[in-house]
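Where a number appears in this text, it was derived from the coordinates with a stated rule and is not lab data. These numbers were taken from a predicted model, which means no experiment stands behind them. Positions of Cβ are backbone-derived with ideal geometry, glycine not excepted, and every protein chain shown enters the neighbour counts.
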Amino acid sequence: MIKASKRTQKVSYAIRDVVLPAKELEKKGIKVLHLNIGDPNKYDFDTPDHMKEALYKATKEGDNGYAPSEGYKELREAIIQREKTRNKVNYNIDNICITAGVTESLQLLLTAMLDPNDELLIPGPTYPQYMIITEINNALPISYRCLEENGWQPDVDHIRKHVSNRTKGIVLINPNNPTGALYSRKVIKEIIDIAGEHNIPVISDEIYDDMVFDGKQEATASLAKDVPVITFNGFSKVYLVPGWRMGYVMFYHNGELDDIQDAFMRLARSRLCASSVCQIACIAALKGPQDHIEKVNDKLRQRRDFSYKRLNEIEGISSAKPQGAFYIFPKIEAMKSKIWKDDKDFVLDLLHEKHVLVVHGSGFCQTYGKDHFRAVILPDMKTLEAAFDNLEAFMKLRLKRK
């Protein structure tokens with residue numbers, strides 16, 4: 001057999017890997033309740049009509065060729081205006097690049113900045129791509145602890161202890177995937193200060209920035225002053241177009257990131273461009289009505305409140321209260337009873353026994369995610385109620401057997 005490269009051997013994406021056994025059940029005609037994937041459009045959310053119309057118009061009017069590698073000027077200008085209005089941060093147009101989703105931003109950036117054995121500090125638990133792409137670049141993802149008892153806020157002292165002379169950046173995901181945590185201003189500023197002390201950038205993933213239920217998300221760059229910040233954002237979540245693959249990166253600095261930014265842009269040119277017609281539709285997204293955002297958040301807040309209350313009523317399960325995004329990250333308290341060998345075993349057992357699909361927490365961090373699972377709060381109330389009723393029946397049966 002011709003073997004795959006060694007750097008791909010450890011690649012595993014928990015969020016989609018768990019779908020494979022669920023598909024086998026569905027082939028047998030079994031209905032699976034999906035609480036696994038962060039795609040609003042798979043549930044009862046839909047793209048705003050003015051964005052659909054703009055996409056259709058762009059295709060009809062012939063805007064189907066290549067776009068500039070850095071993205072259309074009008075879209076980048078609209079992003080600059082959003083940042084100025086929302087976050088009071090001023091960007092030069094040359095410091096923004098449009099990408100095929102935040103994942104491509106992350107791939108290009110980490111390829112541009114990491115050499116073998118470099119280290120990247122990432123939250124534990126974290127979105128798996130940060131671990132995967134770091135390791136593919138033969139660098140080391142170093143997880144810093146987030147405190148479940150404090151709503152999954154980052155442990156600043158733990159970050160400070162893990163900065164080394166090989167650290168190339170500190171990652172924040174705010175609001176957080178998978179925990180739904182919304183980071184406090186104090187914590188963000190303390191992390192920025194650590195980055196400044198060690199002359200390293202903060203990489204701030206803000207794709208869920210306007211999906212908040214309590215308080216307001218604060219952009220890292222708005223608090224950074226003279227510390228360089230690389231911000232990822234996009235349209236998938238807030239504007240309900242995950243399949244369009246529309247993201248962007250913003251470089252905030254005073255020259256410290258010139259070399260990395262140059263490398264990023266060279267890589268961006270080598271991969272050609274992000275979708276031309278979707279870029280045009282995203283101009284309409286930023287310049288058009290924004291009233292869908294409040295409606296989406298109202299719906300999610302109701303589902304968050306129900307999910308948080310219901311999960312904490314189930315014996316053997318507990319959960320912190322998420323404040324943003326559309327995830328909840330409960331702890332499997334019953335793991336202490338040794339009924340399951342690990343959280344993935346728990347997830348597969350729940351799937352096969354009660355046909356509820358969630359994602360094992362260790363897929364988001366072997367250290368700080370284990371003995372948890374991630375569920376989305378996107379489904380309608382009827383589906384959530386059925387899923388949590390099934391989970392409760394499952395727990396009662398397993399604990400009774402013990």
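Some observations on this one:
- Length released on extending from K309 to S270, taking residue separation times 0.36 nm less the Cα-Cα span: 9.1 nm
- Value of D in µm² per second that Stokes-Einstein yields for the chain, Kirkwood Rh from Cα pairs, at 25 °C (0.890 mPa s): 112
- Taking 0.36 nm per residue of sequence separation and removing the Cα-Cα distance, the D44/K6 pair yields an extension gain of 9.6 nm.
- Sorted by Cβ neighbour density within 10 Å, fewest at the top, the residues C282, C97: C97, C282
- Put in line by how crowded their Cβ is, counting other Cβ atoms within 10 Å and starting with the fewest, E83, E197 read E197, E83.
- Whether segment 99-232 is rounded, prolate or oblate, judged on the alpha carbon gyration tensor where a/c under 1.5 counts as rounded: rounded
- Sequence-separation-based contact order of the chain, relative, with Cα cut under 8 Å and 6+ spacing, percent: 23
- Measuring between their Cα centroids, segment 1-45 and segment 352-402 lie 16 Å from each other.
- In order through segment 157-165: 3J(HN,Hα) via Karplus (6.51 cos²θ - 1.76 cosθ + 1.60), integer Hz, x for Gly, Pro: 4, 5, 4, 4, 5, 9, 6, 10, 6
- From the alpha carbon centroid of segment 108-168 to that of segment 58-88 is 31 Å.
- Zone residues, segment 200-223, relative to A263, backbone N less than 16 Å from point 7 Å out along Cα-to-Cβ: 200-203
- Counting other Cβ atoms within 10 Å as a rough exposure proxy, the listed residues F306, F235 run F306, F235 from fewest neighbours to most.
- Degrees, to the nearest 10: 381-401 long Cα axis against longest axis of the chain: 50
- Helix axis angle, 185-197 relative to the chain longest principal axis, alpha carbon, degrees: 60
- When each of K354/K400; K237/K295; K344/K370; K189/K216; K189/K237 is checked by Cα-Cα distance, pairs over 18 Å: K189/K237
- Restricting segment 261-370 to GluC sites (Glu not before Pro) that sit in a DSSP loop and have at most 14 other Cβ atoms within 10 Å of their own Cβ leaves E313, E315.
- When the convex hull of its Cα atoms is viewed from all sides, segment 53-287 shows a mean projected area of 12.1 nm².
- Amide proton proximity set for Q153, modelled H, under 5 Å, gap of 5+: L147
- Segment R401-E190, length gained on full extension (0.36 nm per residue, minus Cα span): 71.2 nm
- The label-point distance for N390 and L20, in a model that sets each label 7 Å from Cα toward Cβ, rounds to 2.1 nm.
- Backbone N under 13 Å from the K31 label point (7 Å along Cα→Cβ), restricted to segment 314-358: 355-356
- Helix 73-87 and the longest principal axis of the C-alpha atoms of the chain enclose an angle of approximately 60°.
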